Amino acid sequence: EFRRVLFRSEAAIEAAFDAASLAFGGVDILVNNAGLSISGDIADFSAADYDLMEEVMARGSFLLSRGFARRIRQQRLPGDIVYVASKNGIAVGPSNVAYGSIKAAQAHQARLLAAELGKDGVRVNMVNPDAVIRGSGIWAQGWAEGRARAYGIAVEDLPAHYAKRTLLNVEILPEDIAAAALAFVGGELSKTTGAILTVDGGLPAAFPR
């Protein structure tokens, strides 16, 4: 509920940027990483659940990116925005129309901002993870049970299920996503914007194309 209040409140977001600017002397990196997932067949899916996900992910990242752009223009310094999107914005799966479509909207939001903010020296890039189960709050909120039902397997079999469908046969961990975000903002990719970095173990259905 806290997340919903924060991402619905423009004043709270502006106050957060003010506090960060005072604490650190400005802002130069924004990582849009907040998210939640609710799985279900479209015939039974509630509009309220759709609205909640849209508010946190698509609308929330829009408000945060807007606040970041305002600070960057005041500072007249370059910066980076990283969207933690999802392979679900490209690849399709069962009982996932709400989350997948909102993630696709979020990804295109990043592309549009890359085009708009280039003149301000802001790079906007995306990380596309898949199935980060360990250490993820999303999976602790019923998402795991919903995905297990969709695939007809037990919840405890999900990590192995997701690993086996990748080309590298690996499980994706939170630190893998952090490393990808760092790659975009660490200085080595200072001439890259509008890009997608997949961190999914290799899923041909989710290859950007």
Report yes if some residue within region 188-199 is open to solvent by 40 Å² or more (accessible area, probe 1.4 Å) and of a type in the set (Gly, Ala, Ser); otherwise report no.
yes
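Determine whether region 153-173 contains at least one residue that is under 24 Å from Leu52 (Cα atoms) and under 20 Å from the mean Cα position of the chain (by Cα). So that I can check it myself, show each step before the final result.
So the first thing to find is which residues in region 153-173 are under 24 Å from Leu52 (Cα atoms), and the list is none.
No, region 153-173 contains no residue that is under 24 Å from Leu52 (Cα atoms) and under 20 Å from the mean Cα position of the chain (by Cα).
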Matching entry among Glu55, Glu10 (being charged (D, E, K, R), open to solvent by 40 Å² or more (accessible area, probe 1.4 Å) and either under 27 Å from Ser190 (Cα atoms) or touching a residue at least 24 places away in the same chain (Cβ under 8 Å) (or both)):
Glu10
Could you list, ordered by first residue, the pairs with Cβ atoms under 9 Å in which the first is in region 94-123 and under 14 Å from Glu54 (Cα atoms) and the second is part of a strand (DSSP E or B) and open to solvent by 30 Å² or more (accessible area, probe 1.4 Å), at least 6 apart or interchain?
Ala107/Ile196
Within region 33-52, take every residue that is farther than 23 Å from Gly135 by Cα and of a type in the set (Gly, Ala, Ser) and give me the one that is least open to solvent (accessible area, probe 1.4 Å).
Ser46
Looking at Leu117, Leu30, which is the one that is closer than 23 Å to Ser9 by Cβ and crowded, with 20+ Cβ neighbours inside 10 Å?
Leu30
Counting just the residues of region 130-159 that are under 21 Å from Asp176 (Cα atoms), open to solvent by 40 Å² or more (accessible area, probe 1.4 Å) and among the small types (Gly, Ala, Ser), which one comes out modelled with the lowest pLDDT?
Ala140
Restricting attention to region 169-199, report how many residues are in contact (Cβ under 8 Å) with a residue 24 or more places away in the chain and among the small types (Gly, Ala, Ser).
5
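The values are calculated or read from the model by the stated rules, or taken from the named source; none is laboratory data. Because the structure is a prediction, the values reported are computed rather than measured. When we count neighbours, we look across all protein chains shown, and the Cβ atoms used for this are built from the backbone with ideal geometry, even at glycine. All accessible areas refer to the heavy atoms of the entire protein, side chains included, with ligands and DNA or RNA removed. Shrake-Rupley method; radii C 1.70, N 1.55, O 1.52, S 1.80 Å.
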